[in-house]
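> Structure incoming, see below.
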Amino acid sequence: MTNLRRLDLNLLVTLDALLAEHNVTRAAQRLNFSQPSVSVHLAKLREIFGDPLLLPGPRGMRPTARAEALREPLRQALEALEQAVAPASPFEPASAGNTWRVAASDYGESTIVLPALIGLRSLAPGTRLAVFEAVPARLARQAEQGEIDLAFHTHEGAPENLRRRTLFSERYVLAGRAGHPQLAVTPTLEQFCRLEHVVVSPDGGGFFGNTDSVLSEAGLQRQVVLSVPHFLFIMSVLASSDLVAMLPWRLVRNNRALQVVEAPIEVPGFEMAMLWHERSHRDPAHQWLREHIVAAVS
């Protein structure tokens with residue numbers, strides 16, 4: 001360890017050049033150093049290693065046994081160091097083999113992951129995608145420890161210490177089965193309250209949501225008869241019954257099994273954000289993935 005502390009990178013680079021050239025002048029030219037500087041470096045190296053390293057010979061200089069033993073390990077170490085400090089190479093999706101890990105709710109899976117997936121398979125066919133359930137309390141730790149590359153979450157409630165980019169703004173619409181007799185046109189507010197509603201309760205068992213808060217401020221109340229933990233189950237429920245639901249527009253816009261109308265009451269929407277940790281912010285592969293997702297959902 002004493003010798004290692006006395007070494008600096010310039011000395012090792014000089015030794016590598018001397019072992020390749022066996023000549024102080026040519027080594028100096030190779031390094032763009034002056035000949036006296038290379039001679040000074042060689043003197044320091046001899047002192048550090050306790051060995052002459054290079055001896056005068058009939059055709060330049062001959063390496064000692066110690067120098068010969070150093071040649072290959074030194075070359076490998078310098079090549080590894082050059083690779084470590086070299087600028088990151090551009091990401092080539094067509095030849096990439098990355099495994100991407102993202103955290104999303106079932107809503108995020110449908111509105112973000114699914115639109116991005118088709119292009120991902122086409123542009124980066126050698127990559128894989130793993131989708132994890134988005135648990136807000138875990139996202140910051142998972143991103144920091146590299147367990148996930150990205151997370152999709154509303155701006156509200158997202159961890160403050162993660163980088164973020166808004167993907168889109170979402171609004172709520174009223175949805176029921178195709179041909180629902182009470183959704184031929186937008187119902188009145190009174191009719192809306194008489195309909196039987198299903199709500200999503202992420203924590204389970206809740207019968208009160210944003211729509212109910214708005215109605216309560218107006219002194220009104222709707223009939224909520226079913227509470228489920230995920231959005232996707234609602235699709236089957238609506239398609240096979242006369243229940244209705246206030247749902248994000250992107251979730252139902254292309255579903256032919258459903259009738260979608262504007263609600264008679266305005267419920268505040270939300271913004272979906274893409275979240276990631278500072279540790280991966282400048283990684284070319286990660287940057288490509290983020291831009292691909294932005295393009296896919298735009």
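The values are calculated or read from the model by the stated rules, or taken from the named source; none is laboratory data. None of the values given here were measured: they were computed from a predicted structure. So basically every Cβ, Gly included, is an ideal-geometry build from the backbone, and we count neighbours across all protein chains shown. Surface areas here come from the heavy atoms of the whole protein model, side chains and all, with no ligands, DNA or RNA. Shrake-Rupley method; radii C 1.70, N 1.55, O 1.52, S 1.80 Å.
> State the percentage of accessible surface on the chain attributable to carbon and sulfur atoms; use a 1.4 Å probe and exclude ligands, DNA and RNA.
Working: 8440 of 16590 Å².
So the carbon and sulfur contribution to the accessible surface is 51 percent.
> Mind checking which of Glu278, Glu217, Glu190 has the largest fluctuation in a GNM of the chain, springs on alpha carbons under 10 Å?
Result: Glu217 has the largest fluctuation of those listed.
> Could you list log10 I(q)/I(0) for region 7-163 at q = 0.11, 0.14, 0.20, 0.21 Å⁻¹, which the Debye formula gives when each Cα is one point scatterer?
-0.65, -0.74, -1.23, -1.31
> Also, I was wondering about something else. How many Å² of accessible area per residue for region 4-85, probe 1.4 Å? Working shown, then result.
Values: 5080 Å² over 82 residues.
Accessible surface, normalised per residue, equals 62 Å².
> Under 10 Å, Cα contacts only: if you run a Gaussian network model on the chain, which one of Asn98, Asn161, Asn32 comes out with the highest mean-square fluctuation?
Of Asn98, Asn161, Asn32, the most mobile in the Gaussian network model is Asn32.
> Can you give the FRET efficiency for Glu133 and Ala84, using 1/(1 + (r/R0)^6), R0 = 30 Å, r = Cβ-Cβ distance, to the nearest 0.05?
Working: r = 36 Å, r/R0 = 1.19.
It comes to 0.25.
> With every protein chain in place, what's the accessible area of Ile293 (1.4 Å probe, Å², nearest 10)?
Only protein atoms counted, so the area is about 10 Å².
> Using every Cα-Cα pair within region 4-85, state what percent have a distance larger than 21 Å. Present the calculation step by step, with values, prior to reporting the outcome.
Details: 721 of 3321 pairs.
Pairs farther apart than 21 Å: 22 percent.
> Quick one: ranking Met274, Met246 by accessible area, 1.4 Å probe, largest first, what do you get? Can you show the working numbers first?
Details: Met274 0, Met246 20 Å².
The most accessible residue leads, giving Met246, Met274.
> Between Leu220, Leu258, Leu11, which gets the highest mean-square fluctuation from a Gaussian network model of the chain, Cα cutoff 10 Å?
Top of the fluctuation ranking is Leu11.
> Right, next: Keeping every protein chain in place, order Tyr172, Tyr107 by accessible area at 1.4 Å, biggest value first, i.e. largest first.
On the way: Tyr172 50, Tyr107 10 Å².
Output order, biggest surface exposure first: Tyr172, Tyr107.
> Taking H placed 1.01 Å from N in the peptide plane, check which residues at least 5 places from Leu54 or on another chain put their amide H under 5 Å from its amide H.
HN-HN under 5 Å from Leu54: Thr64.
> Hey, rough spin-label estimate for Arg59 and Asp242, points 7 angstrom out along Cα→Cβ, what's it come to in nanometres?
Taking the simple label geometry, Arg59 and Asp242 are separated by 10.1 nm.
> Assuming 0.36 nm per residue, please report the length gained on full extension of the stretch Arg253 to Leu123 beyond their Cα-Cα distance.
Values: separation 130, 0.36 × 130 = 46.80 nm, distance 2.63 nm.
Net length gain for the segment: 44.2 nm.
> Another question about this same structure. So what's the back-of-envelope 222 nm ellipticity for the chain, counting only DSSP H runs of four-plus at -39500 (n - 2.57) apiece and dividing by all residues, rounded to 500? Can you show the working numbers first?
On the way: 12 runs with 122 residues, N = 298.
My calculation for the chain gives -12000 deg cm²/dmol from helical runs alone.
> Out of every Cα-Cα pair in the chain, what percent are more than 29 Å apart?
On the way: 25353 of 44253 pairs.
Tail fraction, whole percent: 57.
> Suppose the chain between Thr25 and Thr154 were pulled fully straight at 0.36 nm per residue; how much longer would it get relative to their current alpha carbon spacing?
On the way: separation 129, 0.36 × 129 = 46.44 nm, distance 6.48 nm.
Contour length minus the Cα-Cα distance gives 40.0 nm.
> Counting trypsin sites (Lys or Arg not before Pro) as exposed when in a DSSP loop with at most 14 other beta carbons within 10 Å, what is the longest stretch of the chain free of them? Walk me through the intermediate numbers first.
Values: sites that count: Arg59, Arg171, Arg253, Arg256, Arg282.
That gives 60-170 as the longest site-free run.
> Which order do you get for Phe49, Phe168 if you rank them by accessible area with a 1.4 Å probe, largest at the top? The partial results should precede the final answer.
Values: Phe49 45, Phe168 10 Å².
The ranking, largest first, comes out as Phe49, Phe168.
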